[in-house]
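Each remark here refers to the structure printed beneath this line.
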Amino acid sequence: MEVLAGQKHKHLEFTLVAVSELSSSSVPPSSTPVIARFSVDSGVAELRFRQDSGFIDGFNVNLGTAQLFKVGPLKSLCISGSSDSNKEKSYAQGVTILFRNEEESKDFHSAFEQWQNEDVTQGTHLPNGAISDVKSKFDNKIESSSAKMYFHYYGQLLHQQNMLQDYVRTGTYYAAVIENRADFTGRVVVDVGAGSGILSLFAAQAGAKHVYAVEASEMAEYARKLIAGNPSLGQRITVIKGKVEEVELPEKADILISEPLGTLLVNERMLESYIIARDRFLVPKGKMFPSVGRIHMAPFSDEYLFVEIANKALFWQQQNYYGVDLTALHGSAFQGYFSQPVVDAFDPRLLVSPPMSHVIDFNEAKEEDLYEIDIPLKFVASVGTRVHGLACWFDVLFNGSTVQRWLTTAPGAPTTHWYQIRCVLSQPIYVMAGQEITGRLHMVAHNAQSYTIYLTLSGGIIQSSSCKLDLKEPYYRMSQPQPYTTAQDQQPHQLLQPQDIPIHTDDLEEPKLLQQPLENSGAQLQ
């Protein structure tokens, strides 16, 4: 299909054979070509049709509420309706479109989808702080009930207090900002998912020219109060209530700061919003605090944990529960308990091998990279033992110009509110010292703001064991690590310490990132 004009975000035009209202019995070819024009008007992407020198009245299509259906090789149907989410949808307009050939039909459908999914969400002509009335990227990929619970949770002060009282977390952010005043002084900062506004206040303390604190939950009102209570800083902070996918800002940011971290780094899927904010608001070569995240993984052996989980299903082995035999459900209950990732703090001596890591560079990653994360696993067992599953934790880097600082959730390091996470196999595998353990950790994002985890580990006498887990439904064990005796064939030098976590040079391109992560970690405020 011929593209007559085509600067993205301005307008895009296609030549058609004809268009007609759905009520028409046929679509007669026109003597003059019809031009379909994609454009943005007042922040809303729309499709209009032009013939001769003017637009055809009554054929304006709001792309935020429209659907396009292919009804034949050269014929499509575009239906547009109300965007009022409080009412049941009743479509008021239908347009039949006739194309010149199948290739042009395919290109038109592709452009229609692109303008819906990308240009509509940009809100390029919205006034500062305004929110588009069409569905954003966030709304399109996240179940509304999940989003409602999510924003309700983070709109409560008690949950903000829980995070603020994680002094490893808050102190490391504070140190990363204050120690890198040179990055903030005189700069424009955007705080993505600002919550209580604490990071915005840190940025203002470090000399930021202005901070835009974007927060979608009702916590935005509390943030305004907290910032107003610190007037010497608050005069340089603007709180904007809305999603980063939807709001507009009056200027670009030199720095993004955010705490978009969930269990296993990616839970809650806020990292995607962080990346969208980067693409929308950050100047070229601007800084991100944090800039890199790493998921660390290692097989573990924990007989106590395995027995604890397995015993939960014993209830369903009763053959006479008030006269009812429950055993038919025992197998399902057993698998159900093993489908829950375990969130707790564990002794690093439970790890069977040194860890490996998967790196996500927030400066370079695409939003779509986080939809599905596939990590091949390869370890060498340090001891002969039963492997009960895979232990995971994460760390993030604040790559400041003056100081590089790491925030870690590693076992053995000071415990954070994220703890660590373990995926437990319902069938352990047996390995010998020096034996290779291979497998795959495959995480697929779902619309409840979390991930389905598929884990396979292979090696040893039992060759392979797999499990499927839902990161949205963990078992919050959260006990402090218990003292474990060292296995007889495990030498002291084999015990993993936090500072032993390596960075693989083939995972990071910038040499300045290749440092041990815990040299500057913690909450030392200088």
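Hey, among GLY6, GLY81, which residue is in contact with a Lys or Arg (Cβ under 6 Å, 6 or more places away or on another chain) and at pLDDT below 70? Before the answer, list the steps.
Details: GLY6 fails: in contact with a Lys or Arg (Cβ under 6 Å, 6 or more places away or on another chain).
Just one listed residue meets the conditions, GLY81.
Would you point out the residue of the stretch 241-255, among those that are touching a helix residue (DSSP H, G or I) at 6+ places or on another chain (Cβ under 8 Å) and hydrophobic (A, V, I, L, M, F, W, C), that is farthest from LEU271 (Cα to Cα)?
The selected residue is LEU249.
Of everything in the stretch 176-198, what is out of contact with any Lys or Arg (no Cβ under 6 Å at 6 or more places or on another chain), more than 19 Å from ILE227 (Cα to Cα) and in a helix (DSSP H, G or I)? Give them in sequence order.
Of everything in the stretch 176-198, those that are out of contact with any Lys or Arg (no Cβ under 6 Å at 6 or more places or on another chain), more than 19 Å from ILE227 (Cα to Cα) and in a helix (DSSP H, G or I) turn out to be ARG181, ALA182.
Scan ASP191, ASP183 and give me the residue that is closer than 19 Å to ILE237 by Cβ, touching a Leu at 6+ places or on another chain (Cβ under 7 Å) and charged (D, E, K, R).
On the way: ASP183 fails: touching a Leu at 6+ places or on another chain (Cβ under 7 Å).
Just a single option satisfies the conditions, and that option is ASP191.
Taking the conditions exactly as written (under 27 Å from the mean Cα position of the chain (by Cα), open to solvent by 10 Å² or more (accessible area, probe 1.4 Å) and of a type in the set (A, V, I, L, M, F, W, C)), does VAL424 satisfy them or not?
no
For the stretch 224-334, which helices (runs of 4 or more DSSP H) that fit wholly inside it have 1 or more residues that are among the β-branched types (Val, Ile, Thr) and either open to solvent by less than 70 Å² (accessible area, probe 1.4 Å) or closer than 27 Å to VAL396 by Cα (or both)? Lay out the reasoning, then the answer.
Numbers: elements: 231-234, 270-281, 303-312.
So the answer is 270-281, 303-312.
Counting only residues that are in contact with a Gly (Cβ under 9 Å, 6 or more places away or on another chain) and open to solvent by less than 60 Å² (accessible area, probe 1.4 Å), how many does the stretch 165-187 have? If you could, list the steps in order and put the result at the bottom.
Taking the stretch 165-187 as the starting set, the residues that turn out to be in contact with a Gly (Cβ under 9 Å, 6 or more places away or on another chain) are 168, 171-172, 175-177, 179-187.
Keeping just the survivors that are open to solvent by less than 60 Å² (accessible area, probe 1.4 Å) gives 168, 171-172, 175-177, 179-180, 183-184, 186.
The number of residues fulfilling the criteria is 11.
Within the stretch 46-71, count every residue that is in contact with a Phe, Trp or Tyr (Cβ under 7 Å, 6 or more places away or on another chain), buried (at least 19 other Cβ atoms within 10 Å of the Cβ) and at pLDDT 80 or above.
4
Residue check: is HIS210 open to solvent by 20 Å² or more (accessible area, probe 1.4 Å) and not acidic (Asp, Glu)?
Values: open to solvent by 20 Å² or more (accessible area, probe 1.4 Å): yes; not acidic (Asp, Glu): yes.
Answer is yes for this residue.
Identify, please: which residue in the stretch 350-368 is among the charged types (D, E, K, R) and in a helix (DSSP H, G or I) and is, among those, most open to solvent (accessible area, probe 1.4 Å)? Quick ask: steps written out before the conclusion?
So the first thing to find is which residues in the stretch 350-368 are among the charged types (D, E, K, R), and the list is 361, 364, 366-368.
Okay, now just the ones that are also in a helix (DSSP H, G or I), so 367-368.
Values: GLU367: 10, GLU368: 99 Å².
Ranking the candidates gives GLU368 first.
Hey, could you check the stretch 335-349 for residues that are part of a helix (DSSP H, G or I), out of contact with any Lys or Arg (no Cβ under 6 Å at 6 or more places or on another chain) and farther than 16 Å from VAL387 by Cβ and say which is most open to solvent (accessible area, probe 1.4 Å)?
GLN335
Within the set of pairs 6+ apart or on separate chains, which have a first residue in the stretch 141-159 that is among the small types (Gly, Ala, Ser), a second that is open to solvent by 50 Å² or more (accessible area, probe 1.4 Å), and C-beta atoms under 6 Å apart?
What qualifies is GLY155/GLU218.
Scan the stretch 461-490 residue by residue and report those that are modelled with pLDDT of 70 or more and either aliphatic (A, V, I, L, M) or in a loop (DSSP other than H, G, I, E, B) (or both). Give the steps one after another, and end with the answer.
Going through the stretch 461-490, the residues modelled with pLDDT of 70 or more turn out to be 463-478.
Of everything in the stretch 461-490, those that are modelled with pLDDT of 70 or more and either aliphatic (A, V, I, L, M) or in a loop (DSSP other than H, G, I, E, B) (or both) turn out to be GLN463, LEU469, LEU471, LYS472, GLU473, PRO474, ARG477, MET478.
Name the one entry in THR402, THR452, THR416 that is over 27 Å from TYR371 (Cα atoms) and not assigned by the TED database to the domain that holds ALA176.
Answer to the check: THR402.
Looking only at the stretch 427-456, count every residue that is open to solvent by less than 10 Å² (accessible area, probe 1.4 Å) and in contact with a helix residue (DSSP H, G or I) (Cβ under 7 Å, 6 or more places away or on another chain) and tell me the total.
So the first thing to find is which residues in the stretch 427-456 are open to solvent by less than 10 Å² (accessible area, probe 1.4 Å), and the list is 428-429, 431, 437, 441, 443, 449-451, 453, 455.
Okay, now just the ones that are also in contact with a helix residue (DSSP H, G or I) (Cβ under 7 Å, 6 or more places away or on another chain), so 428, 449.
Looking only at that region, the number is 2.
The values are calculated or read from the model by the stated rules, or taken from the named source; none is laboratory data. Since the structure is predicted, the reported quantities are computational estimates derived from the model, not experimental observations. Because the Cβ atoms are built from the backbone with ideal geometry, glycine has one as well, and the counts that use them run over all protein chains shown. Quick note on the areas: whole protein, heavy atoms, side chains included, nothing else; ligands and nucleic acids left out. Shrake-Rupley method; radii C 1.70, N 1.55, O 1.52, S 1.80 Å.
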